[in-house]
Amino acid sequence: MVRPLGFLVGLGFIVALLCAIFTTPLTNEPQAAHAFHKHPRHIALSSDGLFPHWDKAKLQRGMQVYKEVCSACHSLNYVAFRDIAELGYTEGQVKSFAKSFQVPSINPDTGEPATRDGLPSDRFPAPYANEVAARAANNNALPPDLSLITKAREGGKDYLYSLLIGFENPPKNLPKELQPGTGLHYNPYFPNLNLAMAPPLADGQVTFADGSPNDVKAMASDVTAFLVWTAEPKLVKRVWTGWAVLLYLLIFTGLTYMAYRNIWANKEH
Amino acid sequence: MSFPWAKNYEPQQPLMKWLDEKLPLPRLVYNAVGAGYPVPRNLNYFWNFGVLAGAALAIQIITGIVLAMHYAANAGVAFDSVEHIMRDVNAGWFIRYAHMNGASMFFIVVYLHIFRGLYYGSYKAPREMVWLLGVVIFLLMMATAFMGYVLPWGQMSFWGAQVITGFFSAIPVVGEPIRVWLLGGFAPDNAALNRFFSLHYLLPFVIAGVVVLHIWALHIPGSSNPTGIEVKDEQDTVPFHPYYTAKDGFGLGVFLILFVALTFFSPNLLGHADNYIPANPLSTPAHIVPEWYFWPFYAILRAFTFNFLWIDAKLWGVIAMFASIALLFFLPWLDSSPVKSSKYRPLYRIFFWVLVADVFLLGLCGKMPAEQPWVILSQIGAAYYFAHFLIILPIVSRIERPLPMPNSITEAVLAKHAGTSSASATA
C-alpha cells in the first residue's frame, strides 16, 4: 500500500517540477551594475591568519583616524573607553582620553538633560542623538554604527578598505540609470555602485604623532585595522587559546588512539 | 532485550550493592553503554557518529544554559546582550562561538549518521522504530536550530523568521491567521522572540528524551553492522565497554579537534555577515539565506515555481519541503529488499551515491540566489530527490540481485583478514 501511494505522490511532485522547469525562463534579467562592480582588494593585517598579533601603534593611529574623521557621522556603540587600554594606553591616558569626550547625562540638581566629562566606563558617545537626527544631517542616509562593521559586511576588512580608497569618477560608459544622483558618490566596491558617504579621507588629513605616512591608503589601512579590533577585541586571544586547546586535544586523542589499539589488539574486526 | 550471553551486572562494593537494590541505575548504565551490551565486533568508524551526536547535544545544552544566563530575550536589547557576551562576559566569546559552531558540528555528525543508516540499511526490520525516532530527533533539531538562529536578533535572524513563519501563510484560507497567531503579531517582534527563546530552551530536553527512546529501541534488536547480517552467537560480538568506549573515545577526540579548529580559528566561516547587523524590519537583505544545514530543503522549497493543478506554487514548495523529510518515515516500507548493507546491493549502491551527489547539488542551489542556472538545477535536483525515494528505490529493491553474503559476522571478519594476509604474502 505504501509503495503505490508513494509512487503516485512522487509522480505528482515530479510532474509539478517538470512544469516548473518548462515554464521558467532560462535567462536572468540583465543586471548592468554587475559589469561595473569590483571585487574587494585584499589587505594584509597583523591580526590575520593563524599566528596573529595586534599592531598596537597601527591600532592607535586607526583610532585617531576614527576620532578625527569617522566619528563626525559614525557611532562606535559597543566600544568603551576602558577597552582601549588593550591598544597600549596607560590607565592615565585612558582617563584623559575619556575626559576629552562629553557624554549625555542628567543634571543632578534639576534632572534636566546635560553632559559631563567621559569616564573609562563610558562607551564612545554617538554623534547623533537618534536615527532621525542622523538622517536629517546626512541627506536621509543613516551612517551605520562601526563597532561590528568588519564582521557585518560581505568581504569584511577587505571590503571596508577597498570602499575607503575606492571612490572615483564614474566611468564614461556608465549607463544613465547607474549614474550617481544628487548627494551620491560613485564607488565600484559598493553593492549598488553609489553611496551617500562622500570620500571621507584626503591625503594629509590626519597628522600622526609618530610621523607615519598619512596618505589615503595608509589612513584607510590604519582605520581598517582599528575596526577589525573593535569588531572582535578577543580575536588574538581567541586564536592563541585555540592553539593551546588543540595541543591538549592532540595529546588526548593520541592517548585514546593508543588505548583503542591496545584494547582491540587481539580482536580481529 | 539484549542477547543471552550479555554480561550481568554484579556489584562488588557494599555501597553499589545497596544502591543496586534500591535504585538499579548503575545496572541501567552497565546494560546500556557498559560491558552488559554486546555489540557486533565489525563496526567501522561510521558507527561512531551516534555517540558523537550525543556529545554534540550535551555540548549544546551546557553552552546554551550558560548563554541563557547572560542573554536577554527582548527585541530591544537581544542584539546588545549577545555583544555583551562577546565582549564583557568572562570567556563569553568562547561559549557563544562554541554554541554557534556546535550547532553546525551537530548537524554534520547527524547527517553522517543518517547517511550511514541509508548506506547500511539500518532503517530496516527489526530496527524501524530506531529509524522513526531518529527522524523525529532530526525534525526537533531543525526546529531548535531555526529558533536558536533567531535569538541574536540580527538581520538574518529577523528575515529568516519572516520567511519560515511565512510557510504557514501558504495554507489556504486559514494560513494567515495561523501565522499571526504563531508569531503573536503581524511580523516577528518581541512576542515571537520570547516564545522562540522559551521553545529553544525547551526542545533540546525533548530531544534528549527522544534520544533515550532511540537508544532504548536500539537495544532491543542490538546494533546493526556493516555486513547487515544479524548477530548469531557470542563470537560475533564484543562488550560495548571497553571495546567501543575506547573506539568512541578516539572518535570523540577527532571530532573535538575539528570542532576546536572551526570555533577558534574561523568561527564565522559558516555564518552570515548580515547577522552582525541588528534586525531592521524596514530593510530587507539582498539575499535571505538560511544556515547551511537547511540549504537542500530551501532549494526544494524554491524549486516549485509553477501553479500546478490549481495549487499555488508557494504551497507546492512548502508541501514538498515537508514531504522531503516526512517521506523518511516511510523508508522502511518503501525499500522491500531483505538485504540491508549496500556492500551486497550493487544496484542500490549506485543510486545511493547519486542521491548523495543530488543532496550536495541541492545544498549548493539553496545557497545561491534564485537565478539561473541554479533554479533549473534545483528543479532537476528536487525531482531526482523524490524519484529516488518514491520511485527508484521501490523498483530497485524488487529487481536487484544481491551479491553472495557470508553466513555470519565472524565469517565475514575472518574472510577479510585472510584476504589481507594472503595479499601481503603475494606482494
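Read the figures in this text as sums done on the coordinates, not as results from a lab. This structure is a prediction, so every number in the text was calculated from the model and none was measured. Note: ideal-geometry Cβ built from the backbone for every residue, glycine included; neighbour counts use all protein chains shown.
Here the stretch B:1-121 is described by how far its Cα atoms reach on the three principal axes: 60, 44, 22 Å, from widest to narrowest. For the protein assembly as shown, list log₁₀ I(q)/I(0) at each q in 0.08, 0.09 Å⁻¹, using the Debye formula over Cα point scatterers of equal strength and ignoring solvent, two decimals each. Treating every Cα as an identical point scatterer, log10 I(q)/I(0) equals -0.79, -0.96. 3J(HN,Hα) along the stretch B:358-370: 5, 5, 5, 4, 4, x, 5, 5, x, 6, 7, x, 6 Hz, from the Karplus curve 6.51 cos²θ - 1.76 cosθ + 1.60 with θ = phi - 60°, whole Hz, x for Gly and Pro.
Along its principal axes, the stretch B:33-415 has C-alpha extents of 66, 56, 34 angstrom, given from the largest down.
A P(r) calculated from all alpha carbon pairs of chain A, with 10 Å bins opening at zero, reads 6, 19, 23, 16, 13, 12, 7, 3, 0 percent. Using alpha carbons only, how many angstrom separate the centre of the stretch A:121-147 from the centre of the stretch A:1-50? If you average the Cα positions of each part, the centres end up 38 Å apart. When the C-alpha to C-alpha distance is required to be over 18 Å, the pairs from A:Lys58/A:Lys157; A:Lys67/A:Lys95; A:Lys99/A:Lys151; A:Lys38/A:Lys172; A:Lys95/A:Lys151 that qualify are A:Lys99/A:Lys151; A:Lys95/A:Lys151. Highest mean first, the peptides A:175-186, B:118-129, A:233-244 sorted by other C-beta atoms within 10 Å per residue fall in the order B:118-129, A:233-244, A:175-186. Neighbour counting of Cβ atoms within 10 Å sorts the residues A:Phe97, B:Phe94, B:Phe264, A:Phe226, fewest neighbours leading, into A:Phe97, B:Phe94, B:Phe264, A:Phe226. Relative to the longest principal axis of the Cα atoms of chain B, helix B:92-119 runs at roughly 50 degrees. Shielding by partners for peptide B:269-277, expressed as the average number of C-beta atoms from other protein chains within 10 Å of each residue's C-beta, is 4.
The 3J(HN,Hα) values that the Karplus relation (6.51, -1.76, 1.60; θ = phi - 60°) gives for the stretch A:209-214 are, in residue order, 4, 8, x, 5, x, 10 Hz. Gly and Pro appear as x. Neighbour counts of other Cβ atoms within 10 Å put B:Trp18, B:Trp292, B:Trp93 in the fewest-to-most order B:Trp18, B:Trp292, B:Trp93. Calculation over all alpha carbon pairs of the stretch A:19-68 in 10 angstrom steps from 0 returns a P(r) of 17, 21, 20, 17, 14, 11, 1 percent. The phi torsions of the stretch B:300-307, fed into the Karplus equation with coefficients 6.51, -1.76 and 1.60 and a -60° offset, translate into couplings of 5, 4, 7, 5, 7, 10, 10, 7 Hz, rounded to whole numbers, with Gly and Pro shown as x. Lysine pairs in the stretch B:33-415 whose alpha-carbon atoms fall under 30 angstrom of each other, counting only those eight or more residues apart or on distinct chains, come to 10.
For A:Arg116, nonlocal amide neighbours, meaning residues 5 or more places apart or on other chains whose placed amide H falls under 5 Å from its own, are A:Val103, A:Ser105. Among the residues of A:142-151, the average count of other protein chain beta-carbon atoms within 10 Å of the residue beta-carbon is 3. Among the residues of B:376-385, the average count of other protein chain beta-carbon atoms within 10 Å of the residue beta-carbon is 4. Of B:Phe351, A:Phe252, the sequence from fewest to most neighbouring Cβ atoms within 10 angstrom is A:Phe252, B:Phe351.
Alpha carbon centre of the stretch B:5-56 versus the stretch B:157-207: separation in Å? Each part reduced to its Cα centre gives a spacing of 41 Å. Radius of gyration (Cα atoms) of the stretch B:243-318, expressed as a multiple of 2.2 N^0.38 Å: 1.75. Panel values: the stretch A:1-96, Kirkwood radius from alpha carbon pairs, Stokes-Einstein at 10 °C and 1.306 mPa s, translational diffusion coefficient 78 µm²/s. For the stretch B:63-191, the Kirkwood hydrodynamic radius comes to 17.1 Å, computed from all pairs of different C-alpha atoms.
Computed over all pairs of different Cα atoms, the Kirkwood value for the hydrodynamic radius of the stretch B:333-380 is 12.6 Å.
Rounded to 0.05, the FRET efficiency of the A:Leu18 and A:Arg135 pair, given R0 = 45 Å and the Cβ-Cβ distance, is 0.35. Close amide H partners of A:Asn194, meaning residues 5 or more places away or on another chain with modelled amide H under 5 Å apart, are A:Asn187.
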